[in-house]
Amino acid sequence: MINKIGIVGGGNIGGVLVSEIVNRRLARNVALVDVKPPEFAQGKCLDIAEATPVYGVDCNIRGSKGYEVLEGADFVINTAGVPRAMRPDGTFPSRDELLAINLKITDLVAAGIKKYAPNAFVISIANPLDAIVYRLFKKLKFKKNKIMGMAGVLDSARYKYFVAEAAGVSVENIEAVVLGGHGDTMVPIRSACRIYGLPVEQFVSKSKLEKIEKRTRGAGGEVVSLLGSGSAFVSPAVSALEMVEAIAWDKKKIVPVAAYLEGEYGVKGLFVGVPTLLGKDGIEKIIKIKLTPEEKKALGRSVKAVKSTCAEVDKTK
Ligand code: APR
């Protein structure tokens, strides 16, 4: 069992994280930080704590507005941010304004983690994913094996789900991976997509695969438009926990993760989604996979998009 998992941001994803951690008996202690008044994090935690007799699990769950509850956490999962919402005057913030707001929040998160959980593995979910994890890394100055973004697990899960549906087979029969940035330039890798170890094209036509890959790139937006407000929250939460479990149980599991690259895949100084080996030291290895020339080109385009977002991040203090 993990001693302590800290979660920053107790909204939709944070709430699922806390209840899943309890349900899976993953950690003895769970801490949740959320700045929302009056005592939102405390309320969320009390609700889940009161369910522990029903779960049949003893777990110490603490919520607070302050980062001190993170003290000594082995893992910190970051979900803090504000969504793109209408202002009281009826206007929406621009992408740049929203990025600036979320980077300010990220700087507070980084300061809290640095002070109270300097030895934690950090998994960041908050969007824009590539920019936020990059900023956290710059502020925290943690070793690159200990900080990562959760995107690839979710994007690959979505790809797998669509392929399973089209092929009419169990999701358990699908192997699939999505690389690159966590945006509409992400790259579903068809050459690595297998059904029961066989090439996906044997089960799903090329034209259907093209539609599936397009749907995968826009899958986050599809959920947003169906929900009307907010974004996907169950799938991102359980995807982050797959990463936590791979590290905590030293699984040596190959998982696509937004990892800090220093030359791998021709990328330097950015967080980009690539297959990694996760074990007790966090990201223990970046796994190289052979891409087709088209996939290489698409990954290049995705990296370019991540680079330009991170250049914007570097412009802000
Ligand atoms: N410290 C802690 N929590 C904060 C801070 C802060 N400085 N600033 C904002 N928060 C909290 C908000 O009060 C809110 O409760 O972060 C929470 C975010 O929750 P939601 O808005 O419900 O968002 P959620 O759906 O959980 O998604 C979180 O993950 O997938 C991404 O795009 C998504 O960036 C978003 C993040």
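Each reported figure results from applying straightforward, stated rules to the coordinates on display, with no laboratory input. Since the structure is predicted, the reported quantities are computational estimates derived from the model, not experimental observations. Please note: Cβ atoms are built from the backbone with ideal geometry, for glycine as well, and neighbour counts cover all protein chains shown.
For residue 122, nonlocal amide neighbours, meaning residues 5 or more places apart or on other chains whose placed amide H falls under 5 Å from its own, are 76, 147, 148. When the Cα convex hull of the chain is projected onto planes of every orientation, the mean area is 16.6 nm². The alpha carbon centroids of region 95-157 and region 277-310 are separated by 18 Å. In the chain, the calculated helix contribution to ellipticity at 222 nm averages -13500 deg cm²/dmol per residue, counting -39,500 (n - 2.57) for every DSSP H run with n ≥ 4. Shown here for region 239-301: trypsin sites (Lys or Arg not before Pro) in loop regions (DSSP other than H, G, I, E, B) with at most 14 other Cβ atoms within 10 Å, namely 252, 280, 288, 290. Both the radius of gyration and Dmax for region 1-72 are 10.9, 32 Å, in that order, over alpha-carbon atoms. Projected over all directions and averaged, the alpha-carbon convex hull of region 81-220 occupies 10.8 nm².
Which helices count as membrane-span-like in the chain under these terms: full DSSP H, at least 30 Å along the axis by C-alpha, Kyte-Doolittle mean of -1.0 or more? Counting only whole DSSP H runs, the qualifying helices are 95-116, 293-315. Just checking the listed ones, 148, 86, 243: in the Gaussian network model of the chain with Cα springs under 10 Å, the one fluctuating most is 86. Within the listed set 199, 293, 256, the Gaussian network model of the chain (springs between alpha-carbon atoms below 10 Å) gives the highest mean-square fluctuation for 293. Return the whole-Å distance between the Cα centroid of region 178-230 and the Cα centroid of region 51-88. The two parts, judged by their Cα centres, are 31 Å apart.
Between residue 229 and residue 23, residue separation times 0.36 nm minus the direct Cα-Cα distance comes to 71.5 nm. Here the Karplus relation 6.51 cos²θ - 1.76 cosθ + 1.60, evaluated at θ = phi - 60°, turns the backbone of region 71-78 into coupling constants of 2, x, 5, 7, 9, 10, 10, 9 Hz, with x for every Gly and Pro.
Comparing 92, 142, 271 in a Gaussian network model of the chain where C-alpha atoms under 10 Å apart are linked, the largest mean-square fluctuation is found at 92.
Taking amide hydrogens as placed 1.01 Å from N in the peptide plane, the amide H of residue 32 sits under 5 Å from those of 7, 62, 63, 64, each at least 5 positions away in sequence or on another chain.
Just so you know, the Rg over Rh for region 2-149 is 0.99, from Cα atoms, with Rh as the Kirkwood radius.
Distance from a point 7 Å along Cα→Cβ of residue 71 to each backbone N in region 102-125: keep the residues under 12 Å and list them by number. Once the point is set 7 Å along Cα→Cβ of residue 71, 116-117 turn out to lie under 12 Å by backbone N, inside region 102-125. Taking 7 Å steps out from each Cα toward its Cβ at residue 82 and residue 294 produces label points 4.3 nm apart. Residue separation of residue 115 and residue 284 scaled by 0.36 nm, minus their Cα-Cα distance, works out to 58.3 nm of gained length. Taking the alpha carbon gyration tensor of region 211-317, multiplying each eigenvalue by 5 and rooting it gives semi-axes of 23, 21, 16 Å, largest first. The label-point distance for residue 104 and residue 314, in a model that sets each label 7 Å from Cα toward Cβ, rounds to 2.4 nm.
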